[in-house]
Structures are given as C-alpha cells and as structure tokens.
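The values are calculated or read from the model by the stated rules, or taken from the named source; none is laboratory data. For clarity, every value in this text was computed on a predicted model and none was experimentally measured. FYI the Cβ positions are ideal-geometry reconstructions off the backbone, even for glycines, and counts take in every protein chain you see. The protein model used for the area step is the full one, side chains on, heavy atoms only, and it has no ligands, DNA or RNA in it. Shrake-Rupley method; radii C 1.70, N 1.55, O 1.52, S 1.80 Å.
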Amino acid sequence: MKQYILALDQGTTSSRALLFDHKGKVVTMAQKEFKQIYPKHGWVEHDPYDILKSQLDVMYEVIKKSKINNSQILGIGITNQRETAIVWDKKTGNPVYNAIVWQDTRTSDFCQQLKNDDDFEDYVRENTGLVIDSYFSATKVHWILNNVKGAKKAAEAGDLIFGTVDTWLIWNLTNGASHITDFSNASRTMLFNISELSWDEELLERFEIPRQMLPDVTHSGFHFGMAQVQGGDIPIMGVAGDQQAALFGQGCFDPGQAKNTYGTGCFLLMNTGEKIQYSKNGLLTTIAWGLNGKIEYALEGSIFMAGAAIQWLRDGLKMINSAEETERIAQRTNGESGVYMVPAFSGLGAPYWDMYARGGIFGLTQDTTNDEIIKATLESLAYQTRDILFAMANDSGVKLDSLQVDGGASANNYLMQFQADILNVPVERPKNVESTAQGAAFLAGITSGLWNMADVRKKKALEKTFKPKMDDFTRDYLYTGWHNAVKRCMNWAR
C-alpha cells in the first residue's frame, strides 16, 4: 500500500493542500482564496471561519481527487501565516473577534509608547529575539482584550484562549482536544522566551495577557493530535510557521545556508544552528524549528509587501489581470526608466522597522506608462531582498555565494534575473517551488518515520540557476536610486 503525507499550507490570501508521495513529490494539490477585510486604514483582518473553511475545503478536495484512503496518509504537516492572532471561546469555539493579520498596523501607537522605554525594548530583543512592532502577535491580543466588550473579563476567568493560525487549525481539526503550537510559531508572538523555551511571565504581565490563554508549546516534529477527517482520523505530525517551513523545505539544514520566499510578503532566513545569534542590523532572531530533541535558530529579515504589491496592481489599480503578466511586461519594457516603487503600505520591515513609512512611486515623467510602474513594483521585491541580505551578511560574517528561492513570484524569470543582478550572486530555483508546504511535509514525514534527515537532504533538485549579468556601475547606480526613494517614504509622516 502506497503511503503519503498531507501538507496544509494556510497562507495570507489563500489556503492550499498538497499530497506528497513517498518520494517527496507532489501528487495532488488544491488552492482556494478567501476574503481580505480592511475595516479601517492600516487594519487587516480575516474571518477565522473563512480560514478554517478554505483549509478544510482544499484538504477534502485533495483527498477526493487522489482517490486514496485516509489510512494511507501517515501524517499531516501544517504550515501557516505567522503572527496573525485569533482569540476564541474555548467552550463554544467561537472567535470573539476577527483574526488580526500580521500586516495590521492598528497597534503602532501602542508599540511606539513601549519603545520609549529603552529597558523594555532591550528586554524584548534579548528574550524574544524580536523588535517591538505591530507585526507580532502580542499587541494584537492586547488590543482584542482591551477593545472587545467583555473579552478581558472572560480571559481572566479562563474562558478565552489564544492561538496563531496553526493553533486555530489544530484545535478545530482535533475537535478541541489539542490547544498547542510549535516553537517556531511561538517565537513569533513576542511573548515567548527563545532561550528558556517558555512563555515569558514579564511579557505576559506587561501585555496583560492571562497565562491560561496560551497554548502548550512543543517541537515542530511532534504528534500534535488526531485530525478528525471524514473516513478516519489522521495524526498531525509536523507544524512550522511558513518561513521556517520554507527554510526546512529548501534543505537549509546547516549554519550559514539561507533562502528567500517570495509570497505575500518576502522573507529571507539564514540558519544559524543551535546558537542564538542576535542582530546589530535590524534583523530578527527566531527559532527555525525543533526536531529530534534539538532547537535550531535563524536570522530573519521580513519584507511586508512583496506578492501583495503585485496583487495591488491587479486588484487596486487594475493595471494587470494576473501576476503572471508582469514577467512579459517587464521584459518588453526597455532600459531603465528611473521609476521606483516603494510598497510600504504597512510600514517598512527589516532592516528599517519604520511603522509609519508609507508607499510611494518616484521618478514619474509625462511619458511614464503603466508598464514602467509594473516593472518598478516587480523590481522592488529584489531591492528589498538586497537590503536584508547585506544586513544579514554583516551580522553573520558570512557572505553568501548563492541564494535559494521559492514561493509564487520565484517563477517569474525577469524577477529572478534582476535579483541575481542586483545581488551579484547566483539565484537558485528548485524544481519544486512549493518549499513551504514541502517543509511541513518533511517535518511530518520524518516524525512519522517515512523519511529520515538523510532522505530529505537527497530530495533537493534545482530547476534553474540565474547568474548575474549586470555591471557594477549600473548595479550601484540603481541601488542608490532605491535608497533615495526609501528615505523619502520614511520621511513622509515626519
């Protein structure tokens, strides 16, 4: 009987399910988008039931299309959008408020108040590896408890529980039997001590979050509970936040190896091994995963708007009908127009960490067309990646000789070539760009006994390598223009 691993990939704009065979190849997959909610300027929400329903729909679709029995699925691996916060009633299972998405900036002013206390800012950095920012879960939970009628009182009474998206899915899949998360997701809440591997009591007190709201925390490879799936239960055997899962899926198991995922956001992670390495250049220190009794750490740079900027061209400005069009448009747009687009719609992440920066388009002239703006938006992903990669090299002392890439936008040949050019290092794209789901599958497969680490190391295969072609003068000239544009966006609200 053939055996499989089912990966659930719950992203910011869509949910996906992928079935992997014993060779680690994708057999079947399904994807479903769900509604984005923008109640006010800077607010981004999801209906938790939309998240759940879309994930269940694609899971059942994949099982049905593959025509296999549940008994053939050895385990489920879950990977998810991180930092997004959900609070729900543990008796009824009903959320008390919409999920507040990682992109949401409603708590920026509160974060600024906290940052005015230098000692507290240092405490957060030293114990969580993070910076104080509305990006993370802590201030989102604080907002819910202090702005939803009756929520704070119910939480203090022990009636409410909190979780990131993985916890919400596990809780529902197990019919409320498991309130649990893994180390990688916990490390993104700004409530978790990454050296002691426990919820930090001082942070819980500062954010007024009762300890009983929080899930148990364990390794990324672990038996998280039995998912009650039609036709029989399936064990949940692997969980990791999407970017850590992508690092694992790309085979970056050794210190110094790095990857970049081009999704809704853009995330560059470097494995630093079992050593916690703090950044002096605006990067985050995070837990990569826990597996086989060991904790691996990583340096991370987060770009808030990557694929989301392309989606804005499509849905907001109506300049394109699909993201795939951008490659053809960029290739036909000759020369350098001098147009720069800085997609700081939710502020700027690493290495700037400016919650108040706003997006802008610079270098417009009367002959500027939609094509130049589309090309500039695409190129902004590459510029932001260089910002982070150079900061990462300074922190680690390691200069990368190549960059591993994955995610939807990595399929864009123009973007990948421009990325290689502006970095001046080769960019390597794997045959399977679904590294996020693959990482979750690998974690579940290893925990289930289907594979071991040696097996997983052998499963990496490159599809294409993009080698830099740009001369040094052009590279430096273009990057200087980018930095000038970023400075203007950072000065916008000042």
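Remarks
- Taken over segment 286-324, the criterion of being hydroxyl-bearing (Ser, Thr, Tyr) and either in contact with a Ser or Thr (Cβ under 6 Å, 6 or more places away or on another chain) or under 30 Å from residue 448 (Cβ atoms) (or both) is satisfied by 286, 297.
- Qualifying residues in segment 364-385 (those that are of a type in the set (Asp, Glu) and either farther than 18 Å from residue 318 by Cβ or free of Cβ contacts under 8 Å to residues at least 40 places away in the same chain (or both)) - the one surrounded by the fewest Cβ atoms within 10 Å (Cβ to Cβ): 367
- Of all residues in segment 145-160 being among the hydrophobic types (A, V, I, L, M, F, W, C) and surrounded by 12 or more Cβ atoms within 10 Å (Cβ to Cβ), the one that is nearest to residue 88 (Cα to Cα): 160
- Output for segment 307-360, where each listed residue is among the hydroxyl-bearing types (Ser, Thr, Tyr), modelled with pLDDT under 90 and either under 24 Å from the mean Cα position of the chain (by Cα) or crowded, with 24+ Cβ neighbours inside 10 Å (or both): 322, 346, 352, 356
Let's see how each residue does on (1) in contact (Cβ under 8 Å) with a residue 40 or more places away in the chain; (2) under 22 Å from residue 423 (Cβ atoms):
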site: 268; (1), (2): yes, yes
site: 279; (1), (2): yes, yes
site: 293; (1), (2): yes, no
site: 327; (1), (2): yes, yes
site: 331; (1), (2): yes, yes
site: 335; (1), (2): no, yes
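- Among the residues listed as 42, 24, the single one being touching a residue at least 24 places away in the same chain (Cβ under 8 Å), in contact with a helix residue (DSSP H, G or I) (Cβ under 8 Å, 6 or more places away or on another chain) and within 26 Å of residue 108 (Cα to Cα): 42
- Filter result (under 28 Å from residue 421 (Cα atoms) and either modelled with pLDDT of 95 or more or among the acidic types (Asp, Glu) (or both)) within segment 438-464: 463
- Residue 55 vs. criteria polar (S, T, N, Q), surrounded by 20 or more Cβ atoms within 10 Å (Cβ to Cβ), modelled with pLDDT under 95 and under 20 Å from the mean Cα position of the chain (by Cα): no
- In segment 69-89 there is no residue matching the filter, namely being of a type in the set (Lys, Arg) and open to solvent by 20 Å² or more (accessible area, probe 1.4 Å).
- Subset of segment 268-301 [of a type in the set (Lys, Arg) and open to solvent by less than 10 Å² (accessible area, probe 1.4 Å)]: none
- Meets criteria (in contact (Cβ under 8 Å) with a residue 40 or more places away in the chain, open to solvent by less than 20 Å² (accessible area, probe 1.4 Å) and within 12 Å of the chain's Cα centre (by Cα)) for residue 304: yes
- Failed item in (1) crowded, with 20+ Cβ neighbours inside 10 Å; (2) within 19 Å of residue 10 (Cβ to Cβ), with residue 260 passing the rest: (2)
- Positions within segment 238-275 being more than 13 Å from the chain's Cα centre (by Cα), closer than 24 Å to residue 308 by Cβ and part of a strand (DSSP E or B), in sequence order: 258, 270
- Some residue of segment 113-124 being farther than 25 Å from residue 265 by Cβ, of a type in the set (A, V, I, L, M, F, W, C), modelled with pLDDT of 95 or more and open to solvent by less than 40 Å² (accessible area, probe 1.4 Å): no
- Number of positions in segment 199-221 that are over 18 Å from residue 153 (Cβ atoms), in contact (Cβ under 8 Å) with a residue 60 or more places away in the chain and open to solvent by less than 80 Å² (accessible area, probe 1.4 Å): 6
- Some residue of segment 173-186 being open to solvent by 10 Å² or more (accessible area, probe 1.4 Å), of a type in the set (S, T, N, Q) and within 21 Å of the chain's Cα centre (by Cα): no
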